[in-house]
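The values are calculated or read from the model by the stated rules, or taken from the named source; none is laboratory data. Keep in mind that what you see is a predicted model, and the values were worked out from it rather than measured. Because the Cβ atoms are built from the backbone with ideal geometry, glycine has one as well, and the counts that use them run over all protein chains shown. Please note that ligands, DNA and RNA were not included when accessible areas were found on the heavy atoms of the full protein model with its side chains. Shrake-Rupley method; radii C 1.70, N 1.55, O 1.52, S 1.80 Å.
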Amino acid sequence: MMVARIAAVLAIATLTGCGPGGPVKRLQAPTVPVGVESFSDCTDCPTMIVIPARQGVAVGGTSEEREALKDFPYPSPRVAVNVHRFALGQTEITIGQFKTFMSVTGYKPKPNCGRLVHRLMDGFEMDADLEHPGFPVDGNYPAGCMRLEDAEAYTAWLSVRTGQHYRLPTEAEWEYVARGGTSSHSYLGGNDLDPPSICRFENVGDANINLFQGRNFACTDRFDEATSPVGYFEPNTFGVYDMLGNVMEWIAGCSRKDVISQIGESVPREACAYWITKGGSYLHGQESGLAAFKFYWPEQVSIRNDVGFRVARELE
């Protein structure tokens, strides 16, 4: 059954990932690994990582992944797709970047964003917003409380501003990068549902969180019940940060009602019943370590403080 959103996962209470009276400061700006091609189209535009083309990329859930995700929204079936060369944001769009867009255009996101206050279904207080998600943040933290319309408005503005075609990544593009160009569960390699190294790379539902649903990772990531500055952890094999955690990310494309769309299928917008985010967040346990994990949202819905986005750009 399609679901609008997953059950609430944990309480936002003791913010061990936050410094005394304020957000954790990023030690350094995200770096680009040697041999990775990157660019930025303007001084305050997002840094983009060039992702090489590949034929026959395996995306969608394997039988093992589908079994692991049986209590969550269903992943798409396994298929092979061709991915063209494109660029993907090195990090999720930050609060600072989205505020620049708001300042220039006068754009204002809608209110009514949820922060989890207890581990019961729908245990949300709807008083969060971009700059007040329920824990201390600054401009280097990912923009949360983002609806699909916010993400699309930002990419449209960035396209006009730069003269380039910015958009949200497709599900195939997103999974290709999240799997690190491999056929494994994720870029971490192998098919371990609890990879010991994930807390070096991602802000996820670690051992210190009392999850409502799913299983904790055994490691600790130092942030527990809050987002982290983008680029705080290590990048994946493509040089991209935070693909599996921190905030969930909107992608291009949607699903029909009561039908699990195949990745690469073109669904007309008027036929869309659910819109999709990929990746887990600081609220998610072992399910977020699977690149196949996805969340289905109806178009008109209250949003949460763990939903954001990153941008893609056409190269050819």
Can you find a residue that is of a type in the set (Gly, Ala, Ser), within 15 Å of residue 281 (Cα to Cα) and touching a Cys at 6+ places or on another chain (Cβ under 6 Å) anywhere in the range 204-218? no
Yes or no: the range 217-232 includes at least one residue that is touching a Phe, Trp or Tyr at 6+ places or on another chain (Cβ under 9 Å), among the β-branched types (Val, Ile, Thr) and modelled with pLDDT of 85 or more. yes
From the list 156, 151, which one is within 15 Å of the chain's Cα centre (by Cα) and small (Gly, Ala, Ser)? 151
Pairs returned, first residue in the range 265-289 that is on the phi > 0 side of the Ramachandran plot, second residue that is in a helix (DSSP H, G or I) and at pLDDT 85 or above, beta-carbon separation under 8 angstrom, 6 or more apart or interchain, are 279/174; 279/178
Condition (residue is in a loop (DSSP other than H, G, I, E, B), in contact with a helix residue (DSSP H, G or I) (Cβ under 7 Å, 6 or more places away or on another chain), open to solvent by less than 30 Å² (accessible area, probe 1.4 Å) and charged (D, E, K, R)) applied to the range 201-219: is it met by at least one residue? yes
Does residue 82 satisfy being surrounded by fewer than 20 Cβ atoms within 10 Å (Cβ to Cβ) and within 26 Å of residue 266 (Cα to Cα)? yes
Filter the range 241-285 for residues that are of a type in the set (D, E, K, R) and open to solvent by less than 10 Å² (accessible area, probe 1.4 Å) and give the result. 242, 249, 278
Considering (1) in contact (Cβ under 8 Å) with a residue 40 or more places away in the chain; (2) touching a strand residue (DSSP E or B) at 6+ places or on another chain (Cβ under 6 Å); (3) at negative phi, say which one residue 60 fails and leave the rest. (3)
Considering only the range 296-316, state which residues are assigned to a loop (DSSP other than H, G, I, E, B) and within 25 Å of residue 240 (Cα to Cα). 305, 306, 309, 310, 311, 315, 316
Here the residues within the range 32-71 that are surrounded by 14 or more Cβ atoms within 10 Å (Cβ to Cβ) and among the hydroxyl-bearing types (Ser, Thr, Tyr) are 38, 47, 62
If you scan the range 290-307, which residues turn out to be open to solvent by 10 Å² or more (accessible area, probe 1.4 Å) and in contact (Cβ under 8 Å) with a residue 60 or more places away in the chain? 298, 299, 301, 302
